[in-house]
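Please treat every number below as a calculation from the coordinates, not as lab data. A quick note: this is a predicted structure, and the numbers were derived from the prediction, not measured. Positions of Cβ are generated from backbone atoms using ideal geometry, with glycine treated the same way; all protein chains shown enter the neighbour counts.
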Amino acid sequence: MEDRATFTKGFFGGTGGPIILTNRRIIWYEDMAYILRPLKRISEEFALHDVASADKSWPLEHIFGGQRLRLRLREGKNKCLWVDGLDEWIKAIRIAIAGTGARSERSGT
């Protein structure tokens, strides 16, 4: 699955770029078209086995820019991104996470 995501929002614009879900990872990076400030570009990826769950951010956050995709990581951190088709992304990530769990149980890891 692939689309665009927004990583940060502010009064003077925001940052965003592609978000990609593969059968092993979730990847996102800031592309040059969205860089509105002279800061380091945002780029991150997580292996699906490091993601504990995917859901919507808190309803109160809807007031401050809309609900976001929240990835809860096994290490205890949360990552939040704005994506179009939030429910579809959550469903796809949950299916992908379940698929990695099934593979790791069969292989004994």
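One chain, two ends: SER53 and ALA98. Fully extended at 0.36 nm per residue, the span grows by 15.2 nm beyond their Cα-Cα distance. Quick one: if the Förster radius is 22 Å, what FRET efficiency do ARG41 and ASN78 give, using the C-beta to C-beta distance and rounding to 0.05? Calculated value: 0.55. Phi angles across the stretch 72-77 convert, under the Karplus curve 6.51 cos²θ - 1.76 cosθ + 1.60 with θ = phi - 60°, into 3J(HN,Hα) values of 8, 8, 4, 7, x, 8 Hz, Gly and Pro given as x.
Less than 5 angstrom separates the built amide H of ALA5 from those of GLY17, ILE19, all sequence-distant by 5 or more or on a different chain. Protection proxy ranking, highest mean first, for peptides 69-76, 23-30: 23-30, 69-76, where packing is the per-residue count of other beta-carbon atoms within 10 Å, averaged.
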